[in-house]
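A short write-up of the structure that comes next.
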Amino acid sequence: MSNYIIIDRRKDGSGKSIPNREKFLKRQRRAIADAVRKTIKNREIKDINKSGVKIKINKDSIEQPVFNKDYRTGVRTGTNPGNVIFESGDEIYKPEDGEGQGGQGGAGADGDGEDDFTFTLTKDEFIDYFFKDLELPNMVKSTLKRVKDYKNVRAGFSEQGNPSNLDLVRSMRNAIGRRAALKLPKKKRLKAMAAEIEELSAIDPRTEEQEVRLLQLLEDYAKLESRAKRIPFLDDNDLKYRVHKKIPNPANNAVMFCLMDVSGSMGSHEKDLAKRFFFLLYLFLECNYDMVEMRFIRYHHEAREVDEETFFYDRDSGGTIVSSAFDMVNDIIDNEYPLSDWNIYIAHASDGDNWGDDISVCQDAVSKVLPKVQYISYIEVCNENGFFYRGPGHTSEVAEMYHNLINQGKGKYIGMTAAAVYSQIYEAFVKLFKRG
Amino acid sequence: MNRDKLLPMQSEWTPQYIEQFTNEIDRIATEKYKLDVYPNQLEIITSEQMMDAYSSHGMPIFYNHWSFGKSFITTQKNYMSGNMNLAYEIVINSNPCISYLMEDNTLPMQALVIAHAAYGHNAVFKNNYLFKARTEADSILDFLSHAQKFIRDCEQKYGEAQVEYILDACHTLRYHAFDHHIRPEDLSKKRREQRQHDKDEADRLNVDEFWSSMDRLAESDGDVGLEKFKGFPEEPEENILQFIEKYSPNLELWQKEIVRIVRTTQEYFYPQMQTKVVNEGFATFMHYNIMHDLSDEGLVDEGFMLEILASHTGVVNQAPYYYPGVSINPYALGFNIFQDIKRICTDPTDEDRQWFPQLIGRDWIEVAKEAAFEHRDDSFIAQYLSPKVIRDMKLFNMVDDSDDSLISIPDIHNEQGYQAIREQLAKQHNILNLLPSIEVDDVQVRGDRTMTLAYTSEDGTWLDEDTATKTCMAVSALWGFDVVLLSRVEKDGEYYGSDEIMVKYSDVDPPF
C-alpha cells in the first residue's frame, strides 16, 4: 500500500494567471490601443458596454520565435494513419497549398493557426485603455468604474459586532432572562438569608428546631453563593449588536440627449471627437444609474431625431439653427420624461457656428430647457489644424450664447469646453465632477 | 453481482468515496502490477484553477511571463467554447506526485484520473530511465519556487521590461537548451559538476578571467598561439543556452541566473517531450486494466464501466490522415502497442513468434513495465511496434520531396512495408529529428567575439528564414556581440551549400 493524501484546493481560489494575463496585455498596449480606437469607430456606443469588448491582434507581435525548419524545402517523410486506398508505390498530386498531407507533432508549435489572435477585454480593462488614450486623471477613472451607490439600512441583530453598535436594552434583557433561567439567586434573597443566619447564630443556646434551621440555611446559603459566583451577571452570549446591511440605492433613470451640429463644417475628425465625448458621458451615467436612455438629435437648419448609426455616419449639410434642436428636446421631455422619474442630461457638440439671427431665440430655448435638466455639457470641436470655425480668438456664436446664460447665473448647470484633440476631452469631465 | 461489495456507484463524488476508490486502485496497482510510485497528492481543483495550471506547463508554481498569459487566454476561449475535455491531463513529475482532480468530474471519472495519472504516469516518472537521469522530482517544486521569487525580485530591482527582455530571449532558445548526445552515465557526472559549478559563486566570475586570458592569448602569442589554439569551442556545442550561460561576456550575474532558470526548467521538461507515447500509452494501459480489474472483482457495476469505456474510447481514438490537422495520437499509438504486448505474451500468433521471439511466454506485466521504463518513444516504437498494430492503424509512409510535384507512398501495411513503417514512425518520434540541429560552431575569441552558429541538415531542409533571423537576434541580445548563422547540408562527411544569416548586435532592439 503506498501512501496518498487528498487536498481540497478549491478555496485557494484561482488567479495565478492574473499576473500573466496582465503582462500579456501590457505587452500589447499599443496593439490594444489601436484595436480599441478602431472598435469605438465601428461599434455602436451601447454595444461597447455589454460583457466586454472583443479585440483582434495580429499574430506576429505575440509569437515567441524559435528555429524552425522550412518544410517547403527538402524531403519530408512521415508515417500516417488510416490508409484505405493507397497501394505501395502510389503517387498522388500535392494538395494546393503545397504542404504534404498529415503531420507530425512538431516541437515549438504555438498558437491558434489563425492569422489574428482574438480575446475579450472586460469592460473595466476596456475603460482603462480608452482612457489611457484620453489621459484622464485617475479620479475620473475611478469614478467611472465605480459600481452603483449603496446605502446602509438596519437589518436586525447579531451576536457579533462593533461595540459602537451594541444594543444595550436588548443585551440587558437577554442577561436578565439568562440569569432567571439559570436561577441566579437574587441579591435580596441572599441578603435576607445572611441576615437570618446572623440572627440565628446570635441566639445561644438554640433550640433543636433553630439548629436544624440554621444548618439548613448555611447549606442553602453556601449552595446559592457558589451558584451566584458561577453565573455571571453579563455574559458574552447576552450581547446583541445592531446589524447594518448595504443595499443598492434604488437608482433612478437617466436620459441623455445627444445633440450634434451636422452642418457642412463638421468633418469626420470633428464627429470623431464628438463621438468620444458622448461615449464618456454615457459611461458615466451608466455607472451611476440603472437605466440610461439615449436620444440622438441632429440638426442643421432643422432638427431631426435619429438612431445612433445615422447620427454619426449620415452625411448631411445645410446651415445651422441650434434653437431647432433645443425646441425638439423640450418637446420630447414634456411628452415623455416626467421630471420626477428622470434625470436628464444634454450633451451638445458643435463647431460653434450658428445662424446669426437665431442666437437670442436659441438662448430662450435653452433657458426653457435648463430648469428641467441636471446638466448641459457643451463641447466645441474644431478641425485637425486646431482652428475653430471662426478662427482663434473669436468666440463662436454658440459659445457666446452659453456665456450669456452663464452670466445670468445659470452657470451651475452648464459646462463648456473645446477640444481639438482627444486628450482635451477630459476637461469636460473635470468640469462635470468639480461641480459635484 | 454481489452488490454489497460494490464501491459507491454514485455520479457525485465525496472525499470519502474518492478515498475508497483510491484504496482499491492502489491495492491493485501495487499488488497486482507491483508499481513503484511516489506518494500521491491528489488535489481537488476548480475548472478555473485547471485553466491556470494548463497555462503554465501544468506546474503549480512557475515564473510569470506574458506567454503564459496568452496561453491562458487561449485555454479560456477553448474551454468556454466547449473544445476542452481532457480531464486527466495534469500530473506533475514531483515527489510527492501531484495529480489534479477537477471538481466537475463525476466519481467514475475521478477514479479514471487516479488510475491514469496517480498510478500510470507516476510510475513512469519514478522508474523511466530518462526521467531518472534528467529530472529531480524531490527538488523541482522548491526550485520553481526559488525561480519565481528570484525573477520577481529582479523585476523589482531592474524593471519588468529588462527581465522580460532576457526571458523572451531565453525562450526563443528553449529547444536548444539540452545535451542530447550524452550517455546517462556521463549525464549524471555532468550534472554533479554542474551542481558544483552552480554552487560555486566564484566560478562565474571566472568568465571574465576567461575572456581576459583569451585577449592576452590573442595579443601575445601571435603565430605561435595560432597553432596551439584549436578554436573555441573545441567541439560544437548543441546546448546553446548553456554555452551562453557559461561564456557570455555580456550578461550580468542576475541575468545569467535567469538563463540558468530557463535552462533548468527546460531540462526538466525534456523527458516529457521524449516520452509522450510511452508515458500516455502506459498510463492509458494502466487505467484500462485497473478499471477492468475493478469490474472483474465485482467492485464496480456496468453503469460505471460504460462511462469509463466511453471516455477511454474517446481518448484512444485515431482519426485518419485526411482529417485536417490530424497527427498520430500518442494515446492511441501507445495504448495499442501496450495492449499488443499483452497479447503477444499471452496469446501469440505465428507472426508474433517470428517478430518477437523474446517476448513469447513472458509475464506481460513485466514486459509492459520494461517497455515503459527502459525506453523513450523512438526506441519503444522501434522495439515493440508490431505488424498487427500497423495493420489495425492502417499506417503508411508518405514522402514529400519539395522538388517533386508528386507525393509518393512507398510503404503500406503489408509484409513488404512493416519494417520501413516501423523505422519511420520511430524516427519521427525522436525529438532530434524534429528539432533543427543547430550548434555553436565557433566564437571569434581573438576578434570581435562574433558567434557562429551552424545548422546542419541531412535531407536538404533549410531553416525558415524569418524565424531564424528573429531567433538570432535573441542570441545576439544574450551574447552581446554579432551572430552568424550558417546553413548547410551534410552528405558523407562533406558540407554543401552554405547559406548565411548575419545579425549585428547593433541592430538588436534594447528593452524599452
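For this structure, a couple of remarks:
- Checking B:THR452, B:THR461, B:THR471, B:THR456 one by one, the residue that is open to solvent by less than 50 Å² (accessible area, probe 1.4 Å), within 11 Å of chain A (Cβ to nearest Cβ) and either assigned to a strand (DSSP E or B) or modelled with pLDDT under 90 (or both) is B:THR461 and no other.
Rundown of residues vs (1) open to solvent by less than 40 Å² (accessible area, probe 1.4 Å); (2) at pLDDT 60 or above, yes/no style:
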site: A:ASP112; (1), (2): no, no
site: A:PHE117; (1), (2): yes, yes
site: A:ILE127; (1), (2): yes, yes
site: A:LEU136; (1), (2): yes, no
site: A:LEU144; (1), (2): yes, no
site: A:ASP149; (1), (2): no, no
site: A:ARG154; (1), (2): no, yes
site: A:SER158; (1), (2): yes, yes
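- Only one of B:GLN354, B:GLN274, B:GLN339 that is under 28 Å from the mean Cα position of the chain (by Cα), of a type outside the set (A, V, I, L, M) and open to solvent by 20 Å² or more (accessible area, probe 1.4 Å): B:GLN339
- Enumeration of residues in region B:477-512 that are of a type in the set (Asp, Glu) and assigned to a loop (DSSP other than H, G, I, E, B): B:ASP482, B:ASP492, B:ASP509
- Of all residues in region B:31-77, those satisfying the criterion of being hydrophobic (A, V, I, L, M, F, W, C) and not in a helix (DSSP H, G or I) are B:LEU35, B:VAL37, B:LEU42, B:ILE44, B:ILE45, B:MET59, B:ILE61, B:PHE62.
- Near pairs, Cβ below 9 angstrom, 6+ apart or cross-chain, from region B:316-335 (facing chain A (nearest Cβ under 8 Å) and in a loop (DSSP other than H, G, I, E, B)) to any residue that is open to solvent by 50 Å² or more (accessible area, probe 1.4 Å) and β-branched (Val, Ile, Thr): B:PRO320/A:VAL84
- Region B:431-449, residues that are of a type outside the set (Lys, Arg) and open to solvent by 20 Å² or more (accessible area, probe 1.4 Å): B:LEU432, B:ASN433, B:LEU434, B:SER437, B:GLU439, B:ASP441, B:ASP442, B:GLN444, B:GLY447, B:ASP448
- The combined condition, being more than 7 Å from every other protein chain (Cβ to nearest Cβ), farther than 19 Å from A:THR79 by Cα and not in a loop (DSSP other than H, G, I, E, B), is fulfilled by B:ALA372.
- Filter result for A:LYS188 (part of a helix (DSSP H, G or I) and either open to solvent by 80 Å² or more (accessible area, probe 1.4 Å) or over 30 Å from A:VAL373 (Cβ atoms) (or both)): yes
Yes/no per residue for (1) at the interface with chain A (Cβ under 9 Å from one of its Cβ atoms); (2) more than 17 Å from B:HIS292 (Cα to Cα); (3) touching a strand residue (DSSP E or B) at 6+ places or on another chain (Cβ under 6 Å):
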position: B:GLU12; (1), (2), (3): no, yes, no
position: B:PHE21; (1), (2), (3): no, no, no
position: B:GLU24; (1), (2), (3): no, no, no
position: B:GLU31; (1), (2), (3): yes, no, no
position: B:ASP36; (1), (2), (3): yes, yes, no
position: B:ILE44; (1), (2), (3): yes, yes, yes
position: B:GLY69; (1), (2), (3): yes, yes, no
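- B:ILE409 vs. criteria touching a residue at least 12 places away in the same chain (Cβ under 8 Å), within 16 Å of B:ILE240 (Cβ to Cβ) and either open to solvent by less than 50 Å² (accessible area, probe 1.4 Å) or in a helix (DSSP H, G or I) (or both): no
- Pairs where the first residue, in region B:393-405, is under 11 Å from A:ARG76 (Cβ atoms) and within 7 Å of chain A (Cβ to nearest Cβ) and the second is hydroxyl-bearing (Ser, Thr, Tyr) and part of a loop (DSSP other than H, G, I, E, B), C-beta under 6 Å, 6+ apart: B:SER402/A:THR73
The values are calculated or read from the model by the stated rules, or taken from the named source; none is laboratory data. As the structure is a computational prediction, the values presented were derived from the model and not from experiment. Here the Cβ is made from the backbone with ideal geometry for all residues, glycine too, and neighbour counts use every protein chain on show. Only protein heavy atoms, including side chains, enter the accessible area calculation; ligands, DNA and RNA are left aside. Shrake-Rupley method; radii C 1.70, N 1.55, O 1.52, S 1.80 Å.
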